[in-house]
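Novice: Sharing a structure with you now.
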Amino acid sequence: MLELKRFASCAMFIVLSGMFLVTGSTAPVMGEECDQPGVAAYAAVQFGETVSVIAHGVHPTSGFQNCLQEGPEDIFPPIFDFKIKKPTGVILPKITPFTASDDFESQQQIEEISVRDAKGMHKVKVVQISVGKQTGDNSTGKRLQLDSTYQTTPIDFGVGPGKGARGITLIGMIADQETIILSLDPNTCSLNEFGDRDGCTKMALTNLKVKLSQLRLADPLKLGRQIYRIESNQFPKSLVVYLIVPKSESGYRLKVENPKSDDIVVPLEINPAVSKK
């Protein structure tokens, strides 16, 4: 199972094999603004030569600042410090998910990194994500994070807690035979005026390593789209999941075929904070 990269979208937790991953509601804050050690869960992932370290968790109120940064030690791989700054001004008494992240470059494969916080030093295993070959179009051969909007009706994948997924995330290289991450979020949320998730339950996400297998099917609309089957040995045998990849930057879709219900098509959007060419 796995862990992940820099996120700046609606709050969403991911737990895999005792490790965690979050897409937070705010972008990382510069380190000098944080003045005391905090507490978080940590994850790390290596895409090619880029190693990304993530801290995530929840605060009891709004207004906290969160910083993850390299420590003062001149060593490699670096030790990271997670710090916070307590809120000032207007504070809302609601549980607030957070995330902070930082990167470093390494030409060699990194097995684990260390993160220091208010509870001491933590060893974090680095998950390796393979780098796909670059292709000539705009939609394959690059690392992407694709997020769904909140699903008011949960989608049954046959795995994980709860009654189905209300949020879906794919992370990795979009290319034939690549292994990527499928994250299924079962949490029920209220929505604010902009349709953002707010006040979510706190069930753990299910994270699966899944394989992409490209199907050689002609696009009936002649738009140059590609279609991949998403395969996992944890799916029920009757479940079929497809990823539709457009030629442009918009129009990603997930199609879920489940004999227990009607086929479902879920639009996916690129998360620009994570996706890189």
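Taken together, the values in this text are just the output of simple stated rules run on the coordinates, not laboratory data. Not measured: the values here are computed from a predicted model. We place every Cβ from the backbone using ideal geometry, glycine too, and count neighbours over all the protein chains shown.
Novice: Among the listed pairs LYS163/LYS255; LYS125/LYS237; LYS83/LYS123; LYS202/LYS260; LYS94/LYS123, which have their C-alpha atoms separated by more than 21 angstrom in this model?
Specialist: As for pairs spanning more than 21 Å Cα to Cα, those are LYS125/LYS237; LYS202/LYS260; LYS94/LYS123.
Novice: Please work out whether segment 73-224 counts as rounded, prolate or oblate from its C-alpha gyration tensor, where a ≥ b ≥ c are the square roots of the eigenvalues and a/c under 1.5 means rounded, while otherwise a/b larger than b/c means prolate and anything else oblate?
Specialist: oblate
Novice: May I pose another question? Can you tell me which of 151-157, 115-121 comes out highest on packing, and rank the rest after it, using the mean Cβ neighbours within 10 Å?
Specialist: 151-157, 115-121
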